Number of protein chains: 2
Amino acid sequence: MTNQTEVVKTEFLQYVKKMNDYKEAAGLIAWDLRTGAPKKGAEQRSEVLGTLSSEVFAMATSEKMKRMIDELKSDAHWGELNDVTKKSVLECEKKYNKVANVPADEQKNYVILTSNAEVAWEEAKEKRDFESFQPYLEKIVDYNRKYVDWVGYEGNKYNALLDDFEPGLTVEVIDEVFGKLKSELVPFVKAIVESGNDPKTDFLFRHFPKEKQEEFSKTILKEMQYDFDAGRLDTTVHPFCIGLNPGDVRVTTKYDESDFRTAVFGTIHEGGHALYEQNISSSLIGTPLSTGTSMGIHESQSLFWENFVGRHKGFWTRFYDDLKHVSGDQFDDVPLEEYFRAINVAGPSLIRIEADELTYCLHIIVRYELEKALINGELEVKDLPKAWNDKMEEIVGVRPTHNGEGVLQDVHWAGGMFGYFPSYALGYVYAAQLKTAMLKDLPDYDALITEGNLLPVKEWMTKNIHQFGKMKEPLEILSDVTGEGVNPDHLINYLKDKYRRVYQLTTV
Amino acid sequence: MTNQTEVVKTEFLQYVKKMNDYKEAAGLIAWDLRTGAPKKGAEQRSEVLGTLSSEVFAMATSEKMKRMIDELKSDAHWGELNDVTKKSVLECEKKYNKVANVPADEQKNYVILTSNAEVAWEEAKEKRDFESFQPYLEKIVDYNRKYVDWVGYEGNKYNALLDDFEPGLTVEVIDEVFGKLKSELVPFVKAIVESGNDPKTDFLFRHFPKEKQEEFSKTILKEMQYDFDAGRLDTTVHPFCIGLNPGDVRVTTKYDESDFRTAVFGTIHEGGHALYEQNISSSLIGTPLSTGTSMGIHESQSLFWENFVGRHKGFWTRFYDDLKHVSGDQFDDVPLEEYFRAINVAGPSLIRIEADELTYCLHIIVRYELEKALINGELEVKDLPKAWNDKMEEIVGVRPTHNGEGVLQDVHWAGGMFGYFPSYALGYVYAAQLKTAMLKDLPDYDALITEGNLLPVKEWMTKNIHQFGKMKEPLEILSDVTGEGVNPDHLINYLKDKYRRVYQLTTV
C-alpha cells in the first residue's frame, strides 16, 4: 500500500469509527430510556440523542465524507484497499448518495412530523379514532411518495423503500413470493379451522411467577449459547434486542404471569437476534459493517430460534421437565404431546404481534399490499380503514370490528417506516430456507435439538451468516448458503407438515 | 439586545450545549460501566468514552471557543448578556486559559500514564508492594510539579492544584484551618480513647438481609426528599452519585449483610450529593453551570445529610422503630441510646474510607500535608511510605504495619488527582458552618429531625445552595449563607459536644 493510500484510508477509518462511537453512545441511551431511565430526565436525554444523531447525519453527508469516498474510489487507491475497507466505502457512498438527494428541510420536517405522529397515533389507537390520525398519515404518505422520486427507483416506486430495509429485494420478487404464500396458506388455514381439532390450551394460562419465568428464560438463553458476559437480560414493555458492540448485546423481555409464553418465546426470539449481533466478526468493529445485513436476515435469525428450535417437539422433549420443575410442577397433568400442540395453536386472529407462526405471514401480506398501493397512488389514506378490513377478511379470514384492532394497531406507519413490514415475512421465508440448507450439514438436526445440543446450530449460523455482518448483502448470503434466491416453498412445506400434525389433518 | 449580540450568544450557547450533551452521554456510559455493563463490551465502550471526551476537550480548547469568548467579552456585547451567559463565558474562559498552557502531548501522555498507574496501583495495593508502584507515582508527581508552573499560581505552588477542585481556596487558608482542626482534635481523640468508654457495638454486625437493607435505604432516600422520578438506586462495589441532568441523578450503594451501616449511611451520603444535583435550577441546563460548584461544597451536602441528619439522635428517635421492623426485629434488645452510641463509635483507625466522623478530617490532613510537600519538592516519592506512617502515627494516632493499609490505600494519586483530598475535610467544615446558619432559619431543627420532617432542611439547602449550581463560587456561597469565610470552629464545637456525650466524658 502506498503511503498516500494509507493516509486517506486511515482518515476514512477514523472518521467512520467516530460515527460508530456516537451511534454506540446513542444506542446505550436508547436502551436506558426503555429499561429504567427516570422519567424526569427523559426530555433532556432526548436532546442528547438528537445531538448525537444530528452529528452522525452531518458526518455521513459532509463534504469531507464525499471527498474521502471519491479519493478512495479513484484508481490511485481503490485497488490497494482490503475488502472490509472497500465495502465500508461503498456502504458510506450508498448512504451519501441516497441522503444527498433528499432536501434537508423536508427531511428535518419529516423527523418532527413522525415524532408528533407517533404521539397522535398512540392516542388514536387508544380511542379507536382513525380520523384524528388521518391528517398525520396523509402527510407521511405524501412525503414517502416524494421520497421515492428523490432517491430514485427501478420498476415499482415501492422498490425505493424496500431498499432501505431489504436491499436487493423488489416488488417483482415479493409479489411472486407473497402470492405463493397466500395461495397456499389461505386455504390451508381455512382447513385447520374447519377441522375443529383445536388443541386444548387452558393450562397455558395458569399462574407462573415472574421470577420463575425469568429463571427459565435465562436458562434457555444460556442453552442457545447466548453469552451473558457479552450481554444482559432486562424487562421492558416492548421487548427488543440491541447490539451496542459484539461484546455488549442486550436482550429484553416481558413477563405475563398468566401466560408464560410471552416471556419464553419472546426471549428465544430476541435471543436469536442477539446471537447474530454477538457473533459478528470483531474485525468489523468500528466500521459501518458491524451489524446485521438487513431487517429480513435479522428476522430470519430470531424466527429460526423461536420456531425451528423453540417450537420444535424435540426442544420440549429436552426442556419440558425443566419447565415443569421451574413452574412448580404446574404442568404435571399435561402430557408432552398435549403441551406441544397447545404451544402451536394457530388460526385467524386480529393482532399481528399476537399472531401464530402459521398465520403471521398473512398479516404481513395485508400490510404490504396496502402500503404498496398507498405509495403508488392507488389507494388514499382516507380509504385505508375499509381497505384494511377487507384485506384482513380476504387474507387472514377475520374482520376487525373497530380501527383499534385494525388499521391503528401498528406503530410503523406513524413512525414513517414504509417498506419495513415485508422484512418480517421474508425473515420467515429465509429461516425455512436456512433450515433446509442446515439439514445438509447437520442431518441429525432433530436429534441435536432433542438432546438440547444447540451449539452446532449456533455455530452453523455463525459460520454462514453471523460473522459477515454487513460484508455480504442479504441475497448474497441467501445464495451462498442455500444456492437459491427467495423461495417460499420451504416455508410452505414446513408449515403444512407441522400443522397437519398439530391439527391432525388427514387431507389437504 | 442587538441582533449581532444575539447571533454570537446563540452560537456560544449552542456550542456549550453540545459539549454538555456529549458529557451527559459519557456520564451515562460511565454509570452503565459501573452498574452492570457486560464485561466483554467494556473495551470498545471505553473507546466511545475516549471519543466523547476528546471531542469535549477539543471543543473546550478550540479556536472557535477562543473567538467566541473574545467576542462575547468585548465591549460590543458583554454588557448585554444576562448573568447566566456571562458566568458561562467566564467558566469556559477559565478552562480555556488553564488548558491552553499545558502542552498537548504532555497532557495526552499523562492520561495514558494515570490510566496505567491505576492498574499498577491496584496490583501494588493487593501485594502491599509500594516499590512496583513507585515509578508510576514518581512520573505523576513530576508531571504535577510541571503542571503548576504551566498553569501558574500565586503563593504556594499547591494553590494551582487546589484551584482545580476548590477554586478560591489557598494553602494559606487551609494551613490555618487544618492546623486548628489538628490542634483541637488530636488531643480530643486521645481523650476519648483514654476514657475507656467505648460503646458496645457487637449487635451492629447481626445478619441483615440485602433486600431488607435496600427497602430501608429507599425509604430513607424518599424521606430525604430524593426524587425517584428523577433518579434511581443501584448496587456497585464503590458507591457513587452521578448527576446526568437535574431530572436524572443516580445513586448507588452496596450492601454488607453483616454490617448494615455501609448501606444505610452510604445511601444517605450519596443521597446528599443527589439532592444537590436534582435541585440545580433548570435554567442552567445545557450550560457549564449545571453541576455542583466544587468538590468541597458537594461534600458539605453529603456529609451534612450523613452526619447532621443521619447520625443525629432525633433521626433515630423517628426511624429506629422502622429499622427494627425492617430488620426482622433484630434490634429489639437494643435500647435507642445504646444504638445511637454504637453508630457513633469513633477512634483512631487505619483506613480513610472506614474512618468515623470524628477522625475523618485527620486522615485528610495526613494526605494534604504529604501532597503539599511532594508538589513543593520537600518530599520525594521514595520517602513517602515512611512519611505516611510517621504522619499517621502523629496525627491519627495509629501506625500502619504495611503499605497496603498505609500509603497504597487510596486510588487518588494513581489517578493523578493531586489537590482533591482537602475537599473532603473542607466539606466537613462547610457542613458544620451551614448547620449553624441553618439554625437561625430553622431554630427547631432538632424537633424537625425528631419528627422526621426533613422537607424544610432540604428546602433550605435548595434555596441557599443547590439552585445556584456553578453560578456562585464556593467561597461566595459560604459567605452569602454564613457571613463567614472558612471557619473550623463550628465543626470543632459540634464534634466535641457530640463525642463528649457519646463517650460520656466529663472533662476535656
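Miscellaneous remarks
- Over all distinct Cα-Cα pairs of chain B, the Kirkwood formula returns a hydrodynamic radius of 24.3 Å.
- Sorted fewest first by neighbouring Cβ atoms within 10 angstrom, A:Glu63, B:Glu55 come out as A:Glu63, B:Glu55.
- Sites matching trypsin sites (Lys or Arg not before Pro) across the stretch A:133-222 that sit in DSSP coil, with at most 12 neighbouring C-beta atoms within 10 Å: A:Lys200
- Exposure proxy for B:Glu43, B:Glu91, B:Glu71: other Cβ atoms within 10 Å of each Cβ, ordered fewest to most, give B:Glu43, B:Glu91, B:Glu71.
- The loop-placed trypsin sites (Lys or Arg not before Pro) in the stretch A:333-378, going by DSSP, include none that has at most 10 neighbouring Cβ atoms within 10 Å of its Cβ.
- Three-way shape label, the stretch B:181-332, alpha-carbon gyration tensor, a/c 1.5: oblate
- Projected label distance in nm at A:Thr2 and B:Leu90, using a 7 Å step from Cα toward the beta-carbon: 5.6 nm
- Kirkwood-type hydrodynamic radius, the protein assembly as shown: 32.6 Å, calculated from all non-identical alpha-carbon pairs.
- Degrees separating the helix B:489-502 axis from the principal Cα axis of chain B, which is the longest one: 20 degrees
- Whether the stretch A:98-172 is rounded, prolate or oblate, judged on the alpha carbon gyration tensor where a/c under 1.5 counts as rounded: prolate
- Kirkwood Rh, angstrom, the stretch B:3-100 [1 / mean 1/r, Cα pairs]: 14.9 Å
- Rough spin-label spacing in nm, given labels placed 7 Å along Cα→Cβ, for B:Arg501 and B:Lys180: 2.3 nm
- Among the GluC sites (Glu not before Pro) within the stretch A:260-368, not one is in coil by DSSP while having at most 16 neighbouring Cβ atoms inside 10 Å.
- Computed over the stretch A:231-276, the convex hull of the alpha-carbon atoms projects to a mean area of 2.8 nm².
- Test item: Cα-centred dipole of the stretch A:1-100, Lys/Arg +1 and Asp/Glu -1 on Cβ, debye: 420 debye
- Potential lengthening between A:Val411 and A:Trp78 on full extension [0.36 nm per residue; Cα-Cα distance subtracted]: 115.6 nm
- The sum of -39500 (n - 2.57) across all DSSP H runs of n ≥ 4, divided by the residue count of chain A, sets its helix-only mean residue ellipticity at 222 nm to -19500 deg cm²/dmol.
- Compared with the dominant Cα axis of chain B, that is its longest principal axis, helix B:83-100 is turned about 80°.
- Pair-distance profile P(r), taking every C-alpha pair of the stretch A:248-401, with 5 angstrom steps and integer %: 2, 8, 13, 15, 14, 14, 13, 11, 6, 3, 1, 0
- The stretch B:364-484 shape via C-alpha gyration tensor axes, a/c threshold 1.5: prolate
- The stretch B:263-287-the stretch A:7-67 distance, computed between alpha-carbon centres (Å): 28 Å
- Taking 0.36 nm per residue of sequence separation and removing the Cα-Cα distance, the B:Val111/B:Lys190 pair yields an extension gain of 24.2 nm.
- Here the protein assembly as shown carries DSSP beta bridges of which approximately 55% are antiparallel, counting only pairs with both residues inside.
- Between helix A:3-35 and chain A there is an angle of about 40 degrees, using the helix long axis and the longest principal axis of the Cα atoms.
- Cross-link pairs exceeding 19 Å between alpha carbons, from the set A:Lys64/A:Lys94; A:Lys18/B:Lys23; A:Lys23/A:Lys139; A:Lys98/A:Lys157; B:Lys254/B:Lys391: A:Lys23/A:Lys139; B:Lys254/B:Lys391.
Read-outs: derived from the displayed coordinates by stated rules, not from any lab. None of the values given here were measured: they were computed from a predicted structure. Cβ coordinates were reconstructed from backbone atoms using ideal geometry, including for glycine residues, and neighbour counts include every protein chain displayed.
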